[in-house]
Amino acid sequence: MVQVTPFLLILSMVLVAPGHSAKKCVLTGRWMNELGSNMTIMAVNGKGEFSGFYHTAVTATMNEIQVSPLQGSQHRTNQNSHPTFGFTVNWSFSDSVTVFTGQCFVDDEGNEVLKTMWLLRSQVDDIKNDWKATRVGTNVFIRLHSRQECKWQQGGSQASDSAGSATRSFCSAACYTQ
Ligand code: BTN
């Protein structure tokens, strides 16, 4: 017993050390990306399947934006607390479909973050226009806590060494509770 206590202490220190976060990333909940789009992911079932709703802040069409359904699945989580996942948004207000794929992480500050890539397929009237029908991009989602609103803001930092200087731009979220 005397030897077990220091072992548990060291184990817990290793697990909570930066970069080795023991915190689990869970998909269920409300999320917002850097475009200002919001989504709600409902409960993940035993097979890893989930559904939800997506409210995009932007559209490639002239149509009025409507909240649209999403369907997805995540990889088994019992071995992995930072699951990979994919979901499809079947847009209610356009003929387009977007597929997202990504991974749920916990950052150095302990915040859950979804790093995703997406393909947006728009409908075209002629096969000759197929080449321009698919857009690709990335989105980063942060969790919205109950009654919380967040705004993404763009920032920049200057770094220089003997070889010159470079400007790094980044996005960070400013959140406030209503
Ligand atoms: C459409 O314009 O036909 C449907 C809306 C597409 C919105 C895209 S999906 C990828 C990107 N991320 C978002 O949150 N919105 C845009």
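The values are calculated or read from the model by the stated rules, or taken from the named source; none is laboratory data. This one's a predicted model, so the numbers in the text were calculated from it and none came from an experiment. All Cβ positions, glycine included, derive from the backbone under ideal geometry; neighbour counts span all protein chains shown. Note: areas computed on protein heavy atoms with side chains; ligands, DNA, RNA excluded. Shrake-Rupley method; radii C 1.70, N 1.55, O 1.52, S 1.80 Å.
Key figures for this structure:
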item: Top-ranked residue of segment 109-138 - restricted to ones that are in a loop (DSSP other than H, G, I, E, B) and of a type in the set (Gly, Ala, Ser), ranked as farthest from the ligand (Cβ to nearest atom); result: GLY110
item: Failed item in (1) within 16 Å of the ligand (Cβ to nearest atom); (2) under 24 Å from ALA174 (Cα atoms), with VAL106 passing the rest; result: (1)
item: Search result, residues across segment 25-37 that are within 9 Å of the ligand (Cβ to nearest atom) and either open to solvent by less than 50 Å² (accessible area, probe 1.4 Å) or in contact with a Lys or Arg (Cβ under 6 Å, 6 or more places away or on another chain) (or both); result: ASN33, GLY36, SER37
item: Residue satisfying condition, being among the hydrophobic types (A, V, I, L, M, F, W, C) and within 30 Å of SER172 (Cβ to Cβ), within set VAL97, VAL140; result: VAL140
item: Odd one out for SER81 among (1) within 14 Å of the ligand (Cβ to nearest atom); (2) open to solvent by less than 60 Å² (accessible area, probe 1.4 Å); (3) out of contact with any strand residue (DSSP E or B) (no Cβ under 6 Å at 6 or more places or on another chain); (4) under 27 Å from CYS25 (Cβ atoms); result: (1)
item: Positions within segment 99-135 being under 14 Å from THR61 (Cβ atoms) and in contact (Cβ under 8 Å) with a residue 24 or more places away in the chain, in sequence order; result: LEU120, ARG121, SER122, GLN123, ARG135
item: Given (1) surrounded by 14 or more Cβ atoms within 10 Å (Cβ to Cβ); (2) under 26 Å from CYS150 (Cβ atoms); (3) among the hydrophobic types (A, V, I, L, M, F, W, C), index of the condition ALA60 fails; result: (1)
item: Scan of segment 38-56 for residues that are open to solvent by 80 Å² or more (accessible area, probe 1.4 Å) and either touching a Leu at 6+ places or on another chain (Cβ under 7 Å) or assigned to a loop (DSSP other than H, G, I, E, B) (or both), ordered by number; result: MET42, GLY46, LYS47, PHE53
